[in-house]
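The structure appears below as structure tokens.
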Amino acid sequence: MRQTCVPRGRPVLSPAVWRSALAVTAPAGVGLGVGRPAEGVMVAMGALSAVLTDVAAAYRHRAITMLLPQLLGAAGAFAMLAAQGRWFAPGVLPGLGVLAGVLAALGVEGSLGAMILLMDAEVAMDLPLPGPLWWPPALMLLGGFSVVGLALAGRPFFRGRAERALLAQCLTGCAAVLAPDAAGPAGTARRRALHDVLERARHTGSVGGSVLLARHLPGLVALAGTASSAGARGLVADPALVERLRAEAGRVAAGRPGTGGAWPAGHGPLDVRLVRAARAAVAPSPEQGTEQGPEQGTNPMQRAGRRAAVQAVRAVLADSRAWLGGLRVGAALLVAGAAAAHWDLRHPYWAVLNVTFVCRPEVGPVAGRALERFCGTALGLLGSGLVLACAGPDGVLLAVLALAAGLVPALSGTGYLYQAAALATVVLMVTQLAGDPGLPLLLPNLASCAIGCLAAVLAGELFGPRHRQLVVARRLAGAVEQAALALTPRRPRAAAQAPGRPGAVGCAATAPHLQLAAARAEFERVRREPPWRQGATARWAALIDEVERTVDTALAPASPADHRHFDATRHHLHRLATDLHRLASRP
């Protein structure tokens with residue numbers, strides 16, 4: 001419990017905080033003022049669903065992660081309302097749960113859409129409004145689009161700022177890896193941070209289709225691969241080159257055109273490789289990332305992102321494990337709803353709502369997230385109970401609602417426990433403002449949370465664990481295979497010298513590092529398990545460290561004269577990949 005409650009960061013004040021506070025509080029206040037609190041609460045809940053999807057920094061990426069879930073949520077709310085009174089009404093929510101579980105297997109964007117699909121369906125089921133069927137979904141869409149509009153309002157003034165910040169972080173990470181003090185555990189941490197930010201930039205560019213990232217990312221991938229391998233071998237780069245990389249990072253972040261003059265010549269082959277890759281990363285050719293294809297107005301990264309999305313959808317639809325995960329979510333919703341109805345709890349949708357928040361595969365195992373959800377809900381209900389016990393006019397409740405709504409995005413990096421406390425406060429405040437007294441709902445809300453968390457754990461863990469460690473093993477095997485492919489004779493180094501294609505080899509040579517970054521991200525989700533599984537995670541941490549050292553050593557910049565050395569290295573990598581595949585296929 002102590003480990004679960006320890007905050008992992010500090011609250012962050014950002015524009016998302018003010019957007020959330022305004023978009024959630026204003027509709028509830030307007031609804032009270034005009035004498036229609038239920039409609040105001042419905043708009044506020046739609047705004048809250050959009051706030052939960054406000055996780056991207058770049059504007060194009062933000063539009064995708066926020067708009068698509070709102071449309072899915074409106075469709076789910078309409079389906080629930082249309083099914084009321086029909087013979088198949090009890091099976092609609094579990095059916096949506098199966099669909100949501102399959103969507104969640106598509107990644108972060110799919111998981112957000114799945115969460116909002118179920119959340120809006122459950123809210124529409126619990127807060128019926130008089131009027132046509134399209135009226136509640138339209139109100140929730142109005143609240144969601146208000147947050148989306150506020151989130152995209154700054155695009156004409158700050159276009160490209162988030163992408164430039166990502167590029168600057170990549171350059172700063174390369175400079176930190178090449179610094180003289182980057183040795184031992186500190187150097188390992190810096191290389192991991194560099195690979196993580198590089199993977200984040202690649203994902204942002206592929207989803208959002210940024211031309212800026214499409215132009216600069218290939219050269220940055222080559223630079224990061226050379227710098228990471230050199231840092232792993234303890235090779236020293238020219239200090240002037242390191243300072244120049246930091247200066248270029250500041251110039252890119254500020255959006256200043258041009259370059260800072262001639263690059264330092266360096267003192268050896270390593271510096272020559274680094275300068276060549278840095279030039280390609282900082283000042284790529286104008287044609288790179290801007291050519292037009294069959295789809296006018298797109299760039300290669302955007303087209304590659306669309307092809308990858310189509311392939312991912314096909315793979316998920318053909319994967320039995322994705323459908324099994326969807327069946328678990330549907331079963332958890334069915335169990336939670338049946339238990340809440342059996343004990344005749346008020347607002348039984350709270351039980352299934354907790355299942356919705358807990359069953360998200362991209363944010364960690366179910367057991368650890370359920371524990372954080374229950375503890376956070378208990379903390380939020382305790383604070384909300386004190387507020388309601390001393391409640392005065394509705395203005396005080398609106399002030400508390402604004403504070404709690406602002407804390408939802410502010411506490412996202414602190415830990416899900418604290419974000420769950422803010423969410424519980426928001427739900428109880430809007431319930432009170434809608435005319436339903438909140439104090440008698442404290443214990444039913446806590447009981448619904450316990451039911452939903454237990455149902456999620458039973459369906460997601462005990463009845464069919466997902467073996468997330470096997471996903472880590474597959475990622476590690478892919479990294480090792482790509483490292484062996486990069487050592488193919490005449491391929492990496494010959495392509496590195498090819499004129500007019502800067503960074504072509506670095507993309508191939510650094511792809512193992514991106515696979516390792518994805519494996520570490522998956523492992524961090526596994527690490528959120530409760531303490532009774534920490535022995536296994538320690539062994540996996542040691543395995544990841546060993547694979548990282550092997551890949552760094554194999555890809556280190558060295559003279560290709562001794563072909564026997566490369567043959568032995570490739571043979572070792574192939575054996576390691578075979579062992580990892582055998583581990584990943586373990587039943």
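The values are calculated or read from the model by the stated rules, or taken from the named source; none is laboratory data. Note that this is a predicted model, so its numbers are computed, not measured. Note that each Cβ is placed from the backbone with ideal geometry, even for glycine, and that neighbours are counted across all protein chains shown. Side chains are part of the model used for accessible areas, which takes the heavy atoms of the whole protein and leaves out ligands, DNA and RNA. Shrake-Rupley method; radii C 1.70, N 1.55, O 1.52, S 1.80 Å.
The length gained on full extension between Cys5 and Phe158, counted as 0.36 nm times the residue separation minus their Cα-Cα distance, comes to 51.4 nm.
Note on Trp323: accessible area is roughly 110 Å² with a 1.4 Å probe, heavy atoms of protein only. A full extension of the chain between Glu546 and Ala341 corresponds to an added length of 68.7 nm, given 0.36 nm per residue minus the alpha carbon distance. Label-to-label distance, Leu403 versus Val313, with points set 7 angstrom from Cα along the beta-carbon direction: 4.5 nm. Note that the range 316-332 has calculated 3J(HN,Hα) couplings of 5, 5, 8, 9, 5, 5, 5, 5, 5, x, x, 5, 5, 5, x, 5, 5 Hz, one per residue in order, obtained from phi through the Karplus relation 6.51 cos²θ - 1.76 cosθ + 1.60 (θ = phi - 60°); glycine and proline are x.
Gain on full extension, evaluated as 0.36 nm per residue between Ala186 and Ala57 minus their Cα-Cα distance, stands at 43.7 nm. Separation of the range 386-404 from the range 105-141 is 26 Å, based on Cα centroids. Looking at the square roots a ≥ b ≥ c of the eigenvalues of the Cα gyration tensor of the range 1-134, which shape do they give, rounded for a/c under 1.5, prolate if a/b is larger than b/c, or oblate? Since a/c reaches 1.5 but b/c is at least a/b, the shape of the range 1-134 is classed as oblate.
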